[in-house]
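J.: Let me give you the structure first, and then I'll get to my questions.
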Amino acid sequence: MNFIDGEILCVDKPVGWTSFDAVKRIRGSLVRRLGVRKIKVGHAGTLDPLASGVMLICTGRATRRIEELQAGVKVYEADLALGATTPSFDLETEIDATYPTDHITRAAVETALAGFVGTIEQIPPAYSACKIEGTRAYEFARKGEEVALRPKTLVIDSIELLEYSSTAIRIRVACSKGTYIRALARDIGQALGSGAHLTALRRTRVGDYDITDALTIAQAAELIKCVQIEMPETAADGGARG
């Protein structure tokens, strides 16, 4: 493998890790193995710390492909609790309101989900990395300040109901770049005349890269340690530039 000319590693980011944590671990492994001061390493699509699954980590000149890779369709499996909301739309914050769920039927859920398939407008979560005049939205939200975010146009290719009860559902979502599944959970709750928030999220696919092909972070680090390395003639210069 030639990590300076560029490689794409498909890893399974664990819950509790930030996307930066994963990149930092891979970068550290590469610096030690290649003996360079630094090397370009980036990821194609952020995953929240509470989410797990496919993350594409690009090295060297493959970082030029990040925008292309981010454009690939993403597939998620998500667990939603019905009848309650949180300010962050997931488990980062505590429940702030509860709602009735007795009226929610499987048919009602399927009808609600169908309403989100296609091109839609979605307001990102206040607890997100979207910028407002140069500041991340979550910085305002965590201080209790009001956040006004503009709707974004995105595409939901499909939503499949995997499991159902009147208080919880599991769905599979295929969608475009920029989709917040937490915000989708909020909107599904509203469409059901109740509330909802995300309790678990796993990304199972990004473009052509599937979770079945993903390495754990430890496996990726071991691969870097043991695989045969190809070094271009300009490796030292390329690595030093970062």
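J.: Considering (1) crowded, with 17+ Cβ neighbours inside 10 Å; (2) of a type in the set (D, E, K, R); (3) closer than 22 Å to Glu160 by Cβ, say which one Arg106 fails and leave the rest.
T.: (1)
J.: In the stretch 19-64, how many are within 28 Å of Leu201 (Cα to Cα), assigned to a helix (DSSP H, G or I) and among the β-branched types (Val, Ile, Thr)?
T.: 3
J.: How about the stretch 56-68: which of its residues are in contact with a Cys (Cβ under 7 Å, 6 or more places away or on another chain) and either in the same structural domain as Thr101 (by TED's automatic domain parsing) or charged (D, E, K, R) (or both)?
T.: Of everything in the stretch 56-68, just one residue is in contact with a Cys (Cβ under 7 Å, 6 or more places away or on another chain) and either in the same structural domain as Thr101 (by TED's automatic domain parsing) or charged (D, E, K, R) (or both), namely Arg65.
J.: Can you list residue pairs whose Cβ atoms sit under 8 Å apart, with the first residue in the stretch 35-64 being charged (D, E, K, R) and the second being part of a loop (DSSP other than H, G, I, E, B) and crowded, with 19+ Cβ neighbours inside 10 Å? Count only pairs 6 or more apart in sequence or on different chains.
T.: Correct list of pairs: Asp48/Asp90; Arg61/Ile4; Arg61/Lys40.
J.: Give me the residue from the stretch 179-235 that is of a type in the set (S, T, N, Q) and more than 30 Å from Thr119 (Cβ to Cβ) and, out of that set, modelled with the lowest pLDDT. Even if it seems obvious, please write down each step before you answer.
T.: Step one: filter the stretch 179-235 for residues of a type in the set (S, T, N, Q), giving 179, 190, 194, 199, 204, 212, 216, 219, 228, 234.
Okay, now just the ones that are also more than 30 Å from Thr119 (Cβ to Cβ), so 216, 219, 228, 234.
Values: Thr216: 98, Gln219: 97, Gln228: 87, Thr234: 52.
Per the stated criteria, the residue is Thr234.
J.: Please work out if Leu47 is more than 22 Å from Lys177 (Cα to Cα), surrounded by 18 or more Cβ atoms within 10 Å (Cβ to Cβ) and not aromatic (Phe, Trp, Tyr). I'd like the intermediate steps shown before the answer.
T.: Working: more than 22 Å from Lys177 (Cα to Cα): no; surrounded by 18 or more Cβ atoms within 10 Å (Cβ to Cβ): yes; not aromatic (Phe, Trp, Tyr): yes.
In short, no.
J.: Just checking: which of the strands (runs of 3 or more DSSP E) contained wholly in the stretch 136-214 hold 2 or more residues that are of a type in the set (Gly, Ala, Ser) and either farther than 19 Å from Leu69 by Cα or more than 14 Å from the chain's Cα centre (by Cα) (or both)?
T.: Values: elements: 152-164, 168-175, 196-206.
So the answer is 196-206.
J.: Which condition number does His103 fail, the rest of (1) out of contact with any helix residue (DSSP H, G or I) (no Cβ under 7 Å at 6 or more places or on another chain); (2) within 22 Å of Arg203 (Cβ to Cβ) being met?
T.: (2)
J.: Please go through the stretch 72-128 and give me each residue that is closer than 18 Å to Leu192 by Cβ and part of a strand (DSSP E or B), ordered by number.
T.: Ala78, Asp79, Leu80, Ala81, Leu82, Ala84, Thr85, Ala97, Thr98, Ile120, Gln122
J.: What residue, of Leu82, Leu154, is assigned by TED's automatic domain parsing to the domain that holds His197 and in contact with an Asp or Glu (Cβ under 9 Å, 6 or more places away or on another chain)? First the steps, then the outcome.
T.: Values: Leu82 fails: in contact with an Asp or Glu (Cβ under 9 Å, 6 or more places away or on another chain).
The unique qualifying residue is Leu154.
J.: Let me ask something else. For the stretch 178-210, name all the residues that are basic (Lys, Arg) and either more than 30 Å from Ile57 (Cα to Cα) or in contact with a Lys or Arg (Cβ under 7 Å, 6 or more places away or on another chain) (or both).
T.: So in the stretch 178-210, the residues basic (Lys, Arg) come out as 182, 186, 202-203, 205.
Matches in the stretch 178-210: Arg203, Arg205.
The values are calculated or read from the model by the stated rules, or taken from the named source; none is laboratory data. Given the structure is predicted, the values throughout are model-derived calculations rather than measurements. In this analysis, Cβ positions are derived from the backbone assuming ideal geometry, glycine residues included, and neighbour counts consider all displayed protein chains.
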